[in-house]
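The structure appears right after this line, and notes come after that.
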Amino acid sequence: MIQKRKVRQDGWYIKKSFPHFDLPLNFEDAKTIVTDPARVSAKSFWPFIGFVDQKRKFKKIDDKVVVKVKSRPLRYCSHHDGYIHSFYAAQLAAKYETCIKAEKFDKSVIGYRQNVGTNVHMAKAAFDEIRKRGDCVVIALDIESFFDSINHGILKANLQSILGVSRLPTDWFKVFRSMTQYSWVDIESLAGRLERISLM
C-alpha cells in the first residue's frame, strides 16, 4: 500500500507526533509563533535529536553476495523549531523560485525545487535530452557530506541576495544560525538517561 504524503497546511504546517523535548502545537498556535518576527528573534532553539541510520545494500560480485552498510547521520529538530524552519523555508522557496526563473539556467537547476517533478521525471528528461543531442558526455556527481562542508559565509551571502537585503533581519539570522550552529543529543544516550531518571 502506497502512503500518501501529508499536505502542508498553508504550505508549511504538518502536525507530527514524534517524541522530542517539546510537544506538537495545533496550526493556530504554531502560526502565532512563526508569524511573529520578534518571537522568532527571541527564540532559544532546542538541540536536535540525532541517530545514525544504517541501510544494508546487497551486491553480487564474482558470484558472491557482498553486503555493504551505508551509514547516514540524521538529526531532527523539535516541534516548535520545526514549525519555524518550515515557515521560513516556504518563504525562502518562493523568493528562490523568483531568482532562479530570472536566470538562463532555470531549466538546469532541479535540486530542492517545488513543482519540477519527481526523480523519475527528471531522469526521463535527462535521457530525452541525451537522445536529442546524440553524441554527448554526461557527468553525474554525488557530493559526499555536501551540507556538512558548505561554506557558511557563502551560504549567508546567497541567502541575503535571495532576500534582497545587505544584512539579515534578526529573525532570519536566528533561523540561519539555528541551522548552521546547532547542537544535538544522541537518541540512545538520551533514552538511557531518561530510563535512569525514571528508575530513581
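The values are calculated or read from the model by the stated rules, or taken from the named source; none is laboratory data. These figures come from a predicted structure and were not determined experimentally. We place every Cβ from the backbone using ideal geometry, glycine too, and count neighbours over all the protein chains shown. Ligands, DNA and RNA are excluded from the accessible area calculation, which covers all protein heavy atoms including side chains. Shrake-Rupley method; radii C 1.70, N 1.55, O 1.52, S 1.80 Å.
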>> Looking for something closer than 18 Å to Asn158 by Cα, within 15 Å of the chain's Cα centre (by Cα) and either surrounded by 14 or more Cβ atoms within 10 Å (Cβ to Cβ) or modelled with pLDDT of 90 or more (or both) - is there at least one such residue anywhere in the range 79-86?
In response: yes
### Test result for Leu25, more than 16 Å from the chain's Cα centre (by Cα), open to solvent by 30 Å² or more (accessible area, probe 1.4 Å) and free of Cβ contacts under 8 Å to residues at least 60 places away in the same chain
yes
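Every residue, every condition in (1) open to solvent by less than 30 Å² (accessible area, probe 1.4 Å); (2) without any contact (Cβ under 8 Å) to a residue 24 or more places away in the chain; (3) out of contact with any strand residue (DSSP E or B) (no Cβ under 6 Å at 6 or more places or on another chain), yes or no:
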| residue | (1), (2), (3) |
| --- | --- |
| Phe18 | no, no, yes |
| Thr35 | no, no, yes |
| Val40 | yes, no, yes |
| Pro47 | no, no, no |
| Asp53 | no, yes, no |
From the option list Lys95, Lys174, single residue qualifying as open to solvent by less than 50 Å² (accessible area, probe 1.4 Å), in contact (Cβ under 8 Å) with a residue 60 or more places away in the chain and of a type in the set (D, E, K, R) is Lys174
By residue number, the members of the range 98-144 that are open to solvent by less than 60 Å² (accessible area, probe 1.4 Å), within 30 Å of Pro73 (Cα to Cα) and in a loop (DSSP other than H, G, I, E, B) are Val109, Gly111, Arg113, Val116, Gly117
- For Ser189, indicate whether it is in contact with a Pro (Cβ under 7 Å, 6 or more places away or on another chain) and not basic (Lys, Arg). no
Considering the range 158-171, residues that are closer than 30 Å to Phe21 by Cβ and either of a type in the set (A, V, I, L, M) or open to solvent by less than 40 Å² (accessible area, probe 1.4 Å) (or both), and then whichever is farthest from the chain's Cα centre (by Cα), we arrive at Leu168
When His85 is run through (1) free of Cβ contacts under 8 Å to residues at least 40 places away in the same chain; (2) closer than 28 Å to Asp186 by Cβ; (3) outside any loop (DSSP other than H, G, I, E, B), the failure sits at (1)
Selection from the range 91-117 of residues β-branched (Val, Ile, Thr) and modelled with pLDDT under 80 yields Val109, Ile110, Val116
